[in-house]
1. Testing B:SER67 on (1) at the interface with another protein chain (Cβ under 8 Å from one of its Cβ atoms); (2) surrounded by fewer than 20 Cβ atoms within 10 Å (Cβ to Cβ); (3) touching a helix residue (DSSP H, G or I) at 6+ places or on another chain (Cβ under 7 Å), one condition comes back false. Which one is that?
2. With the structure loaded, tell me whether A:ARG131 is surrounded by 12 or more Cβ atoms within 10 Å (Cβ to Cβ) and under 15 Å from the mean Cα position of the chain (by Cα) or whether it fails that test.
3. Would you say B:ALA66 is over 24 Å from A:LEU70 (Cβ atoms), part of a helix (DSSP H, G or I), in contact with a Phe, Trp or Tyr (Cβ under 9 Å, 6 or more places away or on another chain) and not acidic (Asp, Glu)?
4. If you go through region A:103-116 one residue at a time, do you hit one that is touching a residue at least 60 places away in the same chain (Cβ under 8 Å), more than 8 Å from chain B (Cβ to nearest Cβ) and within 19 Å of A:SER8 (Cβ to Cβ)?
5. Exactly one of these conditions fails for B:ASN72: (1) surrounded by fewer than 20 Cβ atoms within 10 Å (Cβ to Cβ); (2) more than 23 Å from A:LYS78 (Cβ to Cβ); (3) out of contact with any Leu (no Cβ under 6 Å at 6 or more places or on another chain); (4) more than 12 Å from every other protein chain (Cβ to nearest Cβ). Give me its number.
6. When region A:1-18 is examined, which residues are found to be open to solvent by less than 30 Å² (accessible area, probe 1.4 Å) and among the polar types (S, T, N, Q)?
7. Part of a loop (DSSP other than H, G, I, E, B), touching a Leu at 6+ places or on another chain (Cβ under 9 Å) and open to solvent by 50 Å² or more (accessible area, probe 1.4 Å): which single residue out of B:ARG42, B:ARG89 fits that description?
8. When the residues of region A:51-63 are filtered to those that are more than 9 Å from chain B (Cβ to nearest Cβ) and part of a helix (DSSP H, G or I), which remaining residue is farthest from B:VAL109 (Cα to Cα)?
Protein chains: 2
Amino acid sequence: MSEFELDSRLSADTFPVGSYNVCKILLMNDARWPWLILVPKRIGLEEIYQAEEEDQAKILAETVKASQALKNLTGCDKINIAAIGNIVRQLHIHIVARNDDDPNWPGPVWGFGERQPYEETYTRILLNKLREELSIEPDFENRCR
Amino acid sequence: MSEFELDSRLSADTFPVGSYNVCKILLMNDARWPWLILVPKRIGLEEIYQAEEEDQAKILAETVKASQALKNLTGCDKINIAAIGNIVRQLHIHIVARNDDDPNWPGPVWGFGERQPYEETYTRILLNKLREELSIEPDFENRCR
């Protein structure tokens, strides 16, 4: 039996935050907007309607929990949630904290400009804050981060 | 007690398709891409995490059902789902059928170019097809459409 593997493009653009029951949680390495990505640890899943019904409910619950945590942490004006996947087909859910003075408000973040990587010290602080707010530990393979 | 009212901008840009248990279903009047909008008939709801837990599950189930129906009807390459709401704050969920030869593939549909209204005869045919695929009747107030 093959194991779930995170798409290499998702992995290249993000920091691993940790895992809920079904989804891996990633932080997009883009300082323009706090941006989480949830990836259900299921093989070959591209559309939410393809997931088992039980998984669908868990993916929703985890999306809601992460959205609320991101809102609490950032005090943002609006949470944007999306499952697009036109380029990276592995099902992944964007949760983005938006503010009315951010670089593309009120337009979408997808396809807009270039990522601005976080400054390294800030990344560590942010990851710790996120884990606290999301109530998760880093995954075993990422403990050194 | 006040009644649920559809935001006037959503109403202006769409055709009413019908209703599921919790959500009104609208067809965006934009011939560039088949585009449904689901609006939970709840007052003052802006973020999915603000909905009652039972409603959250129903909104998800209805989103999944509508996505599957849109995929079946269009045979599209990818379904894009999003709750953004930076401009219209009333919670509404976009479900868009995307194809790799559409006008902004693989970029997002939001904020891209101008809507291209459907030709009238085609609208009627499409609405009927959609109602068939979604297994819904027009809402009472839209029976004449």
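1. (2)
2. The answer is yes for A:ARG131.
3. Here the answer is yes, as B:ALA66 does meet what is asked.
4. There is at least one residue in region A:103-116 that is touching a residue at least 60 places away in the same chain (Cβ under 8 Å), more than 8 Å from chain B (Cβ to nearest Cβ) and within 19 Å of A:SER8 (Cβ to Cβ).
5. (4)
6. Correct list: A:THR14 only.
7. B:ARG42
8. Step by step, filter region A:51-63, then rank; the result is A:GLU54.
The values are calculated or read from the model by the stated rules, or taken from the named source; none is laboratory data. In this text, all values refer to a predicted model and were calculated from it rather than measured experimentally. Because the Cβ atoms are built from the backbone with ideal geometry, glycine has one as well, and the counts that use them run over all protein chains shown. When the accessible area is computed, the model is the full protein with side chains, heavy atoms only, and any ligands, DNA or RNA have been set aside. Shrake-Rupley method; radii C 1.70, N 1.55, O 1.52, S 1.80 Å.
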